[in-house]
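Below is one structure, written out as C-alpha cells; comments come after it.
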Amino acid sequence: RVKENGKNDYMQHSSDMDHIALEKLTIQHEMRRALHNNEFLLYYQPQYDLASGQIVGMEALVRWKHPQRGLVPPGEFIPAAEESGIIVPLGEWVIEEACRQNKAWQDEGLSRIPVSVNLSFRQFSQRNLTGKISEILQRTGLDPRYLELEITESMTMDVERASRDLKELTDLGLHISIDDFGTGYSSFHYLKNLPIARLKIDRSFVRDVQQNPSDAAIVAAIISMAHNLQMQVIAEGVETKGQVHFLRSYRCDEMQGYFGSPPLSSTDAQALLTEKLNGPALPA
Ligand code: C2E
Ligand code: MG
Ligand code: MG
Ligand code: MG
C-alpha cells in the first residue's frame with residue numbers, strides 16, 4: 001500500500017477509520033451518560049384488531065431525548081448500543097418501563113392490552129434473561145400475559161438453544177412474536193418447534209400488496225400459514241385503506257401502522273386509550 005501516492009490513500013483511509021472509531025466511542029460514552037440521566041423514553045404504537053377496529057396492543061419503541069440533537073430515533077443508536085453491549089442495560093430499562101406503564105394504565109381503568117417490547121440479539125443471548133424479566137414482572141406487578149417479546153428470525157437459528165430459552169420465557173406466562181417476519185433466514189423447522197404466539201409481517205411485503213402480485217401471494221401465504229399453525233398474525237407498516245381492505249379480505253388478525261396511528265408519546269397514547277375506551281379506534 002506504500003505506492004507513489006498510496007501513502008496518501010492509506011492516511012486518508014486511516015483517518016476515516018479513526019473518525020468512525022471516535023464517533024463510536026463518543027456515542028457509547030454518550031449513551032452511558034444518557035442512561036444515567038434518564039434521557040431515554042418510550043413511544044407507543046397502537047395495534048388494531050382488523051375485524052372490530054379496537055386497539056388490542058401497543059408496541060413500545062425507544063427514543064433518545066438528546067439534550068442537543070432532540071428526539072433521536074432508534075435506528076440512529078440501537079446498532080451502536082448493540083455493538084457496545086449498552087443494549088443490555090438499555091433493553092432492561094425498556095422492558096421495565098414498558099411493564100410499569102402498562103400496569104399504570106391498567107390501574108387507571110384503561111383497557112387491558114398487552115405491550116410488545118423489541119428484544120435485541122445481545123439481550124436474548126444473555127444468561128439469566130428469564131430471571132431478570134421475572135424480577136421486572138414482580139417489581140412492576142404486571143401480569144405476564146400482558147407482556148410480549150418481539151424477536152427476529154435470526155435469533156432462532158440455533159433452534160435447540162432458542163427452544164430452551166423461549167420455553168423458559170413462555171413458562172413465565174408471556175408471549176413471543178417474530179418481528180419483521182419474512183426478511184430473515186427462516187426455516188419452517190423453528191416455526192414448528194418454537195413457542196411462538198404471533199407473526200408480524202414485515203412492512204416491505206405490505207407496502208405494495210395491492211400492486212405487486214408476489215407481495216400479495218406472500219402476505220396471503222403468511223396469514224394462512226400462521227393460522228394453520230394456531231398463531232396470530234399482524235401486518236406492520238399499514239398506511240392505506242386499500243391495504244386494510246386487502247388484509248381484511250385475507251382474514252389477517254391485526255394491523256399496525258400509520259393508517260391507525262404513528263408511535264405516540266406516553267401522554268398521547270394514554271389520551272387515545274382513554275378516548276377509545278369503548279369503541280372502535282381504526283379510522284373508517
Ligand atoms: P420495528 O420493531 O419493526 O418497529 C416498527 C418501526 O416501523 C418503528 O420505527 C415504527 O415507527 C415504524 N413504523 C410504524 N408504522 C409505520 C408505517 O406505517 N410506515 C412506515 N414507513 N414505518 C412505520 P422506529 O420506532 O424508528 O423503530 C425502528 C426499529 O428500531 C424497530 O423496528 C426495532 O427493530 C428497533 N427498536 C425500537 N425500539 C427498540 C428497543 O427498545 N429495543 C430494541 N432492541 N430495538 C428497538
Ligand atoms: Mg418490533
Ligand atoms: Mg424489530
Ligand atoms: Mg418490525
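The values are calculated or read from the model by the stated rules, or taken from the named source; none is laboratory data. Everything numeric here is computed off the predicted structure, so don't read it as measured data. Quick reminder, even Gly has a Cβ in these numbers, built from the backbone with ideal geometry, and neighbours come from all protein chains shown. Note: accessible area is taken over every heavy atom of the protein model, side chains too, but ligands, DNA and RNA are not part of it. Shrake-Rupley method; radii C 1.70, N 1.55, O 1.52, S 1.80 Å.
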Please state the charge dipole magnitude for the range 78-145, taken about the Cα centre, from unit charges on C-beta atoms (+1 on K and R, -1 on D and E), reported in debye and rounded to the nearest 20.
200 debye
Take the Cα pairs of the range 143-241, get the Kirkwood Rh, then feed it into Stokes-Einstein at 37 °C and 0.692 mPa s and tell me D in µm²/s.
234 µm²/s
Just need the relative contact order of the chain here, percent rounded to a whole number, with Cα pairs under 8 Å and 6+ apart.
19 percent
Could you pull out the trypsin sites (Lys or Arg not before Pro) across the range 115-178 that fall in loop regions by DSSP (anything but H, G, I, E, B) with no more than 15 other Cβ atoms inside 10 Å?
127
Cα-centred dipole magnitude for the chain, charges only on beta-carbon of K, R (+1) and D, E (-1), debye, nearest 20
160 debye
Among 188, 87, 230, which residue has its Cα positioned farthest towards the positive end of the charge dipole of the chain, with +1 placed on the Cβ of Lys and Arg, -1 on the Cβ of Asp and Glu, and the dipole taken about the Cα centre?
230
Fraction of antiparallel bridges per DSSP, the chain only, in percent to nearest 5:
40 percent
Per residue, how much accessible area does the range 151-222 show when a 1.4 Å probe rolls over the protein heavy atoms, in square angstrom?
51 Å²
Pull out a ≥ b ≥ c, the square roots of the eigenvalues of the alpha-carbon gyration tensor of the chain, then state rounded if a/c is under 1.5, prolate if not and a/b is larger than b/c, and oblate in the remaining case.
prolate
Which of 155, 225 is most accessible, then next, and so on - probe 1.4 Å:
225, 155
Portion, in percent, of the accessible area of the range 116-256 that falls on carbon or sulfur, probe 1.4 Å
49 percent
Rounded, prolate or oblate (a/c below 1.5 giving rounded, otherwise prolate when a/b exceeds b/c) for the range 217-284 by Cα gyration tensor:
prolate
If we count every other residue with Cβ under 9 angstrom of residue 143's Cβ, Lys/Arg +1 and Asp/Glu -1, where does the sum land?
+3
Placing unit charges on C-beta atoms (Lys and Arg positive, Asp and Glu negative, everything else neutral), compute the dipole magnitude of the range 106-236 about its Cα centre in debye, rounded to 20.
220 debye
Furthest towards positive pole of dipole, 60, 156, 281, structure part the chain, Cβ charges:
156
